[in-house]
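Below: one structure, written as C-alpha cells.
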C-alpha cells in the first residue's frame with residue numbers, strides 16, 4: 001500500500017492508495033484543486049467544509065453530464081454461424097436432458113409394475 005499527499009486549497013491530505021496509483025491520485029487531486037480555485041474566485045472567501053461540498057457537487061455534475069453524453073454500448077453482434085452453433089448446442093443439451101428424463105420415467109414405470 002502506497003501513500004501520497006495531495007493539496008487542495010493549500011491544505012495537505014495524506015491519501016492511501018495501491019502501489020503504482022500515486023500519479024493517478026495526484027492527477028485527480030489536481031482536478032479538485034482547479035475546482036477549488038474556480039469556486040474561491042467566484043465566491044471569494046469560503047469555509048473549507050463548504051468548499052469541499054461545492055467541489056463534490058461540481059465533480060458529481062461533471063460525472064452526470066459525462067454519463068448523459070456517453071452513448072450506450074452497442075450490443076455485441078453475433079454472426080449467423082455463431083447463432084447456429086449456439087442453437088445446435090442448446091438442442092444437444094435439451095436432447096440429453098430429455099434422454100435422462102426418459103430413462104428416469106422408464107425406471108419409475110418398472111418399479112410401479114413390480115408393486
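The values are calculated or read from the model by the stated rules, or taken from the named source; none is laboratory data. For clarity, every value in this text was computed on a predicted model and none was experimentally measured. Every residue, glycine among them, receives a Cβ derived from its backbone with ideal geometry; neighbour counts consider all protein chains shown.
Some points to look at:
- Pick from the range 18-45, criterion crowded, with 16+ Cβ neighbours inside 10 Å and out of contact with any strand residue (DSSP E or B) (no Cβ under 8 Å at 6 or more places or on another chain), ranking: nearest to residue 6 (Cα to Cα): 35
- Taken together, 29, 36 contain a single residue that is touching a helix residue (DSSP H, G or I) at 6+ places or on another chain (Cβ under 7 Å) and either in contact (Cβ under 8 Å) with a residue 40 or more places away in the chain or in a helix (DSSP H, G or I) (or both), which is 36.
- The single condition among (1) farther than 30 Å from residue 3 by Cβ; (2) surrounded by fewer than 10 Cβ atoms within 10 Å (Cβ to Cβ); (3) at pLDDT 90 or above that residue 72 does not meet is (3).
- A residue that is at pLDDT below 85, outside any helix (DSSP H, G or I), out of contact with any strand residue (DSSP E or B) (no Cβ under 9 Å at 6 or more places or on another chain) and farther than 30 Å from residue 38 by Cα can be found somewhere in the range 93-115.
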